[in-house]
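Quick notes on the structure that follows.
The values are calculated or read from the model by the stated rules, or taken from the named source; none is laboratory data. Please read all numbers here as calculations on a predicted model, not as lab measurements. Methodologically, a virtual Cβ is constructed for each residue, glycine included, from the backbone with ideal geometry; neighbour enumeration extends over all protein chains shown. When the accessible area is computed, the model is the full protein with side chains, heavy atoms only, and any ligands, DNA or RNA have been set aside. Shrake-Rupley method; radii C 1.70, N 1.55, O 1.52, S 1.80 Å.
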Amino acid sequence: MVRDFTNDHSALALNTATLGHNVEGAGMGWPVERVIDACAARGLGGIVFWRREIGSRAVEIGDRVRAAGLQMAGLCRTPFLVGPLAPVAVMDEFYGSIDMAAGLGAPVLTIVVGGVEPGTKGMGDSLKIVAERVAEAAPYAAARGVQLALEPLNPVYGGNRSCLVTVRDAVDLLEVIGAPNVGVAVDVYHVWWDTDLAAQLQRAKGRILGYHLCDWLADTQEVLLDRGMMGDGVADLRGIRAAVEAAGYQGLCEAEIFSAGNWWRRDPGEVLDTLVTRFRAVC
Ligand code: ZN
């Protein structure tokens, strides 16, 4: 049975990317506390922050979220682990992001793996490096109560942001890594096109650690910051959620809408109200 959200949005979580706060100079600049209170006032179930919002205040912000009655659902995200955008001190920064998730009390840290390693071609060599680096960090995360969620990105990001572009490859990677606290995050933006999604999610049964909501606009202008609000695009949101839940996922559904030209220009209160309405109506 797929969960019925028609009259219940307690499973809706805000990923603060939806308010633009993960990008310098974007969004309305609400302080973290105001975002927490606005989510709590609307009865959302949880919240996911980005590292740049947390700084050195992880413990304080995690406590603040729980005191407001919300789940501190997760943290976005690790540094890129491979590829042209990976930092020089990649493992130090990876461990630092795990420490931040632990400080927040966030059970899940999302991994965006990074693109094709300079000097190599195709995905294979880069995926091997990802497997090694995640396997190395997984016990450190486990000791701190943090699960690591590999998020395959839409293939449009294959060059610089993600050598991991299908749920199929993500599950293959889980099998190579072999760590019990590593799973997969499923994001509508990245998987909506995949006609093999339901079958691949069955392979990930019990290892889905997150489900991210938005929509794919039929006339997408730009692939990074032009995501659609749920219901405004062509993704089969109900079908994707049915496949995710059939693979055992019963957790929060995290609205994550990068939208520099539209939703980030609106009042965050209006954006949150719209999330609630659309979550009940079309998700
Ligand atoms: Zn996502």
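Remarks
- Magnitude of the charge dipole for the chain, about its Cα centre and with charges confined to Cβ atoms of Lys, Arg (+1) and Asp, Glu (-1), is about 360 debye.
- Efficiency of FRET between residue 59 and residue 280 - r from beta-carbon atoms, R0 45 angstrom, step 0.05: 0.85
- With an a/c value of 1.5 or above and a/b not larger than b/c for the gyration tensor axes a ≥ b ≥ c computed over the alpha-carbon atoms, segment 107-164 is described as oblate.
- Alpha carbon centroid spacing (whole Å) that separates segment 67-97 from segment 210-261: 21
- Dividing the Cα radius of gyration of segment 162-283 by its Kirkwood radius returns 0.99 for Rg/Rh.
- Computed over protein heavy atoms with a 1.4 Å probe, the accessible surface of the chain works out to 39 Å² per residue.
- Longest exposed-site-free window of the chain, the sites being GluC sites (Glu not before Pro) in a DSSP loop that have at most 16 other C-beta atoms within 10 Å: 25-221
- Scalar couplings 3J(HN,Hα) for segment 159-167, obtained by applying the Karplus form with A = 6.51, B = -1.76, C = 1.60 to θ = phi - 60°, are x, 9, 9, 7, 7, 10, 10, 9, 4 Hz; x denotes Gly and Pro.
- Under 13 Å, Cβ to Cβ, from residue 166 - net charge with Lys/Arg +1 and Asp/Glu -1: -4
- Where 56, 162 fall by accessible area, highest first, once all protein chains stay in place (1.4 Å): 56, 162
- For segment 1-139, the spread of Cα positions along each principal axis, largest first, Å: 50, 41, 32
- Between the listed residues 249, 21, 165, the Cα displaced farthest toward the positive end of the dipole of the chain, a dipole computed from Cβ unit charges relative to the Cα centre, is found at 249.
- Net charge over other residues, Cβ less than 12 angstrom from the Cβ of residue 72 (K, R count +1; D, E count -1): 0
- Placing +1 on the Cβ of every Lys and Arg and -1 on the Cβ of every Asp and Glu, with nothing else charged, gives segment 86-160 a dipole about its Cα centre of roughly 140 debye.
- Cα point-scatterer Debye curve for the chain, base-10 log of I(q)/I(0) at q = 0.10, 0.15, 0.16, 0.17 Å⁻¹: -0.47, -1.15, -1.34, -1.54
- When only the Cβ of Lys, Arg, Asp and Glu is charged (+1, +1, -1, -1), the dipole of segment 1-145 relative to its Cα centre reaches about 160 debye.
- Taking the 1.4 Å solvent-accessible surface of the chain as the whole, the part contributed by carbon and sulfur is 52%.
- Averaging 1/r across all pairs of distinct Cα atoms in segment 125-218 and inverting the result yields a Kirkwood radius of 13.6 Å.
- Dipole of the chain, positive end: most advanced residue of 156, 87, 31 [Cβ charges, Cα centre]: 31
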